[in-house]
Amino acid sequence: MFSLLVGTVFACVLGMCEGGDVLGCTCTVKSTNLELGCKSDFIFKTQVISGIKNDSIGLYYDIKKPSYGNIYKFNFKADVSKANEEKIYTAAINSCGVRLTKGTYVLSGSVDYKRNKNMGIGECSSWVERLPISKESNILLNKFKQETVVCPV
């Protein structure tokens, strides 16, 4: 019994316990797109045009700058031009980073407003949906765009 318990604990340390995979990220609660969008600094539709890259700041994907019509939320409207809109940063996959392939996505996340104004996404904290999106997601995006969404308290 003891060896089974030790083996299970060791597997969890490696990230292979319930809800996770070998890479080690486990989101304790699966949030809805509404919750993720409400907690995010930005929501937009954009095209990912590269695989994952690395620079002095961290891991990122090259994206096409979202057009005005594809920006559904941006908390720092006065500084939207200062944000680096052609890169989206993420953590390493084993630290709950997001794995993307080239294609068009709805992405939400946070802006590191105090430090470098980079936009970031995370497995447990971002709305990440590849196009085509569901009808429900499209309705929700329009509510964010029109600022009629009702966020949970």
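Each reported figure results from applying straightforward, stated rules to the coordinates on display, with no laboratory input. Predicted model only: the values in this text are computed from it and were never measured. Quick reminder, even Gly has a Cβ in these numbers, built from the backbone with ideal geometry, and neighbours come from all protein chains shown.
Classification of segment 29-146 by its C-alpha gyration tensor yields a rounded form. The axis ratio a/c (a ≥ b ≥ c) stays under 1.5. Past the 21 Å Cα-Cα mark, which pairs from LYS53/LYS117; LYS53/LYS145; LYS64/LYS135; LYS45/LYS145; LYS39/LYS73? As for pairs spanning more than 21 Å Cα to Cα, those are LYS53/LYS145; LYS64/LYS135. The distance between label points at VAL153 and SER67 comes to 4.0 nm (points 7 Å beyond Cα on the Cα→Cβ vector). Here is the list for segment 62-153: trypsin sites (Lys or Arg not before Pro) lying in DSSP coil, each with at most 10 other C-beta atoms within 10 angstrom of its C-beta, are LYS114, ARG115.
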